[in-house]
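Trainee: Here you go, one structure.
The values are calculated or read from the model by the stated rules, or taken from the named source; none is laboratory data. Just so it is clear, the structure is predicted and the values come from calculations on it, not from any experiment. Cβ sites come from the backbone with ideal geometry, for glycine too, and all protein chains shown count toward neighbours. Side chains included, ligands, DNA and RNA excluded: accessible areas come from the protein's heavy atoms. Shrake-Rupley method; radii C 1.70, N 1.55, O 1.52, S 1.80 Å.
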Amino acid sequence: MNSDKLTHHLTEARSLASQADEGFTNVSGTVSKTSENLHKIDDQYRFQKQSLQKSTLFIQSLKKQHQMNIIQVYGAFFFLVMVVVFIIMRRLFYRNFYNDLLTYLSTSSDL
């Protein structure tokens, strides 16, 4: 009778150990899959990081180019305004500007 109980307890212990081993195997497989997924995610983040660095450099160059374009547009606008002001001033106040300039240059070259 004691032998039957002992055999029964040993059988139960063996089945519990087998169940625990199966559980550990399942957990090991899950951990392995999770680890693989994390490696894939890490690779994706590395690729995205490189893309973001390239795009950051591109955006910086675009900002510099934009600033230069703004300077050129304002410079051209102010040059246009100065030419218009010069033309208006010459027509209204100093009609003989070119004749007087030519006379001045010819007399100064004689000196």
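Trainee: Could you state the number of Å between the C-alpha centres of the range 60-85 and the range 3-55?
Mentor: 64 Å
Trainee: Does anyone have the angle between helix 97-110 and the longest principal axis of the chain? Alpha-carbon axes, 0 to 90°, nearest 10?
Mentor: Approximately 70 degrees, to the nearest 10.
Trainee: If the convex hull of the alpha-carbon atoms of the chain is projected onto planes in all directions, what is the mean projected area in square nanometres?
Mentor: Seen from a random direction, the Cα hull of the chain projects 15.8 nm² on average.
Trainee: Turning to a different aspect of this structure: DSSP loop (so not H, G, I, E, B), at most 11 other Cβ within 10 Å: list which trypsin sites (Lys or Arg not before Pro) in the range 28-111 pass both filters.
Mentor: Qualifying residues, ordered by number: Arg95.
Trainee: Here is a follow-up. Of the residues Phe58, Phe86, Phe97, which exhibits the maximal mean-square fluctuation in a Gaussian network model of the chain defined by a 10 Å Cα contact cut-off?
Mentor: Maximum fluctuation in the GNM of the chain, among the listed residues, is at Phe97.
Trainee: While we're looking at this one, here's another question. How much of Tyr98 can a 1.4 Å solvent probe reach, expressed as accessible area in Å² and rounded to 10?
Mentor: It works out to around 130 Å².
Trainee: Full-extension gain between Leu92 and Gln53, please, as 0.36 nm times their residue separation minus the C-alpha to C-alpha distance.
Mentor: The span from Leu92 to Gln53 would gain 8.2 nm if fully extended.
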